[in-house]
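Enquirer: Structure below; questions to follow.
Readers should treat all values here as calculations from the given coordinates under stated rules, not as data from a laboratory. Treat the numbers as computed from the prediction; the structure is a model and nothing was measured.
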Amino acid sequence: TDLYVGGYFRFAGGIEVNNVARWNGSAWSAPGNGAGLFPVDRVNALAADMGDLYVGGEFTEASGVVANFIARWDGALWNSVGTGSGNGVVGAVHAAILIGPDLYVGGEFTQVGGTTARNIAKWDGSTWSSLGLGIGDAAGFSGVNAIVAIGSSLYVCGYFNFAGGLPANNIARWD
């Protein structure tokens, strides 16, 4: 029932929050000590369901926990998303959505959890995986900025000219 916000800020309502804050209807608070350190880092994406909050962005820690560009708040503590070399994403996360137990993330990255993934990936609660051949362009300047689910399809948009090896002009559907 709480509202969570993320971005590039240090304070909410006079409370130090470091890029992510919770509003309970009457006051602001920080989940732990926030995600990353202001002004170096930022939170770009939030996804919540089943009591967990996932935050993605441009940071490598959340309240002292190593969390490479994505972290999970369980209501009491920050957690890495993956372990060891499988912890998080190698590059920025710009979008996130939970569909059932699966977390989909998009952004500007080349690996997730030690697996090659081009700008789009899935976390099933224990393992990272790529979505097909991913999203990109020949020049290497590509990324996913938004993800939405409609029915059984996942739509992504950003700046790219192929999706899964097929031509796509900045929007694509994964079924």
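Enquirer: Distance from the Cα centre of region 100-130 to that of region 1-68, in angstrom?
Expert: 21 Å
Enquirer: Considering Cα pairs under 8 angstrom that are at least six residues apart, work out the relative contact order of the chain and quote it in whole percent.
Expert: Value for the chain: 11 percent.
Enquirer: From the phi of every residue in region 86-103, what ³J(HN,Hα) in whole Hz does the Karplus formula 6.51 cos²θ - 1.76 cosθ + 1.60 yield, where θ is phi - 60° and glycine or proline is x?
Expert: Per-residue couplings from phi come out as x, 7, x, 10, 9, x, 6, 9, 10, 8, 8, 8, 9, 10, x, x, 9, 9 Hz.
Enquirer: In a Gaussian network model over the chain where Cα atoms closer than 10 Å are linked, find which of R118, R72, R22 has the largest mean-square fluctuation.
Expert: Top of the fluctuation ranking is R22.
Enquirer: A further question on this structure: Considering every Cα-Cα pair within region 131-173, what fraction, in whole percent, is farther apart than 14 Å?
Expert: That tail contains 40 percent of the Cα-Cα pairs.
Enquirer: Where is the GNM fluctuation largest for the chain (alpha-carbon springs, 10 angstrom cutoff): S63, S126, S142?
Expert: S126
Enquirer: In whole Å, what are the extents of the chain along the principal axes defined by its C-alpha atoms, from largest to smallest?
Expert: Cα spread of the chain along its principal axes, largest to smallest: 48, 33, 28 Å.
Enquirer: Let me ask something additional. For a quick check, take a GNM of the chain with Cα springs below 10 Å and name the residue from A12, A35, A96 with the largest mean-square fluctuation.
Expert: In this elastic network of the chain, the residue with the biggest mean-square fluctuation among A12, A35, A96 is A12.
Enquirer: Where Rh denotes the Kirkwood radius from the mean inverse Cα pair distance, what is Rg over Rh for region 1-56?
Expert: Here the Rg-to-Rh quotient is 0.94.
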